[in-house]
Amino acid sequence: MKRISTIIMVLVMVMTMAQCKKNEETNLNKTVTITLDVKGASTGSATNGSKVVVNPATGTVDFETGDKVYVGSGGKYVGFLTHNGTNFVGNITNPIENQPLQFYFLGNVTPTETLSAGTTEECSVIISDQTEHLPVISCAASYENYVSGLTSYTGHLLNKCALVKFNVTTPSNSPICITGMNNKVTVNFSQNTVTPSQDGEGVIKLPAGSGENVEKWAILLPQEALEEGEDWSAYSEDGVYTGTRPEISIITENGYMADGVEIFVMSLRREYVDLGLPSGTLWATCNVGAETPGGRGDYFSWGEIEPKPSYYWSTYQYCHGSSSTLTKYCNNSDYGYNGFTDNLSTLLPEDDAATANWGAGWRMPTIEEKQELYQNTTQTLTYQNGSYGQLFTAANGNTLFLPAAGYRFGNDLENAGHCGHYWLNAININTPYFAYNFNFGSGANTYSDARCYGRPVRPVHSALQN
């Protein structure tokens, strides 16, 4: 009997443990539907809270259908709610009993991280692009603690940003960008904090529109006062016009600056010519490093963003003493990598002499764009402003002049005044320490050669506004 009793007790314990484990598993997957009623500061309505729909005359911001609020509980992300026109409704997973829920509205900008309920402790959003809407950032704790069975919660989401008007004067129809601004928000679910910071150059992109004193509104995150920026701290996104970001006073939470900050983006950044090409590609009127149309400019290795007085392998950015130790853009396993593992076959913007020196949008031409240029123009070897070179004349009467700038290797300048040798943006995948270029003076040839040669770069742009 004693043995039977022992067996029964063991079975009861096993069954109890199994039931406990089942309950524990059930709790780990507890999903509940809740409703959030966003209260105003004093009216108790949902029209005095946060958001993307902004009334510039008053600074009032409201929610609208489809807006999303992220929810935190117990130091973790637990789900999101979507506005249905009246309230926010959605499912959250495993909220913690007897603790407030934390609500975060992130301007309808998708977080850069993938959110996982019950796991994610932090996420961030970049509010740089404000051409379509104003990404207001706001957050709050629920007035009520979460308890099982309670599905309706209330809270007042408080702005963590400022609404600022800019008076922009520019001839560009492209969006206007200013730099040096806090444009990143990091939410720490474990600490219940919202922290502003700067991503990259701190770009805030204002809506498009040209004219004199055109009003453009922006959301700015809290930061200290800024002195006037340097040249090109304000510019048109198309890369044509430039200016300086003005002095900006301290930005505080829930600020409303309606007087207008004056910005002038007027200086012609780079000149270009429209040859009426089928692709719409526009060619710059001078080489990188030149200050006047048709200027010879500087010489760059392929993938080098700064000119050097010498272009031996030992001085080339991605080589280390010989052509057999090419690294970053080498996709041939016969060659050494020196720590690089990406083995790229496509030139990245940050390694393009045109982009790096002239800004976004400008780049070295492709092989196809070089061919298009020759197929849609007539070419004449001639002199212009005292320089020998190739004149391209389009059907619309516009012209493009490329000087016979030659090339550099070592300390020598070769073929200057006789031939043009211009980089294209394509690597030779069969000989990865070679890249393509084209010359004139001895024929309009496209060929590949060692990337350590210093050659001129004539930029192109595919998105400029006329």
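Using the beta-carbon distance between V89 and E271 and R0 = 56 Å, what value does 1/(1 + (r/R0)^6) give for FRET efficiency, to the nearest 0.05? Please report the intermediate quantities before stating the final value.
Numbers: r = 55 Å, r/R0 = 0.98.
Plugging the Cβ-Cβ distance into 1/(1 + (r/R0)^6) gives 0.55.
Enumerate the calculated ³J(HN,Hα) couplings along the stretch 401-414 in order (Karplus 6.51 cos²θ - 1.76 cosθ + 1.60, θ = phi - 60°), each rounded to whole Hz, writing x wherever the residue is Gly or Pro.
Once θ is set to phi - 60°, the couplings for the stretch 401-414 become 10, 10, x, 7, 7, x, 8, 10, 8, x, 9, 9, 9, 9 Hz.
Taking amide H atoms as placed 1.01 Å from N in the peptide plane, list the residues 5 or more away in sequence, or in a different chain, whose amide H sits under 5 Å from that of R455.
F300, S301, R408
Kindly flag which residue pairs out of K30/K184; K184/K328; K308/K328 have an alpha-carbon separation exceeding 22 Å in this structure. The partial results should precede the final answer.
Values: K30/K184 33 Å; K184/K328 30 Å; K308/K328 19 Å.
In this structure, K30/K184; K184/K328 exceed 22 Å between Cα atoms.
Just rank S345, S73, fewest to most, by other beta-carbon atoms within 10 angstrom. Working shown, then result.
Details: S345 14, S73 23.
Neighbour counts put them in this order, fewest first: S345, S73.
Which three extents, in angstrom, do the Cα atoms of the stretch 52-211 have along their principal axes, listed largest first?
Largest to smallest, the principal-axis extents are 59, 32, 20 Å.
Report the FRET efficiency, 1/(1 + (r/R0)^6), for E262 and S148, where r is their Cβ-Cβ distance and R0 is 41 Å, rounded to 0.05. Before the final figure, lay out each step's value.
Numbers: r = 56 Å, r/R0 = 1.37.
Efficiency, rounded to the nearest 0.05: 0.15.
Give me the Kirkwood hydrodynamic radius of the stretch 272-461 in Å, from all C-alpha pairs, to one decimal place?
Numbers: mean 1/r = 0.0600 Å⁻¹.
Evaluated on the stretch 272-461, it is 16.7 Å.
Give me, ordered by chain and number, the residues 5 or more places off W232 or on other chains with an amide H under 5 Å from its own placed amide H.
Counting only residues 5 or more places away or on other chains, the set is G243.
Neighbouring Cβ atoms within 10 Å as the yardstick, rank F440, F166, F300, F264 fewest first. Please report the intermediate quantities before stating the final value.
Values: F440 19, F166 24, F300 29, F264 15.
Fewest-to-most Cβ neighbours within 10 Å comes out as F264, F440, F166, F300.
Applying the Karplus parametrisation 6.51 cos²θ - 1.76 cosθ + 1.60 with θ = phi - 60° to the phi angles of the stretch 72-89, what ³J(HN,Hα) value in whole Hz is obtained for each residue in order, glycine and proline being reported as x?
x, 7, x, x, 10, 6, 10, x, 9, 10, 10, 6, 9, x, 10, 9, 8, 9
Under 17 Å Cα-Cα from K76, which aspartates and glutamates qualify once same-chain neighbours fewer than 8 residues away are excluded?
Partners found: E97, E113, E121, E122.
Every number here is computed from the coordinates shown, using simple stated rules; none is lab data. In this text, all values refer to a predicted model and were calculated from it rather than measured experimentally. Using ideal geometry, Cβ is built from the backbone for each residue, glycine included, and neighbour counts are taken over all protein chains shown.
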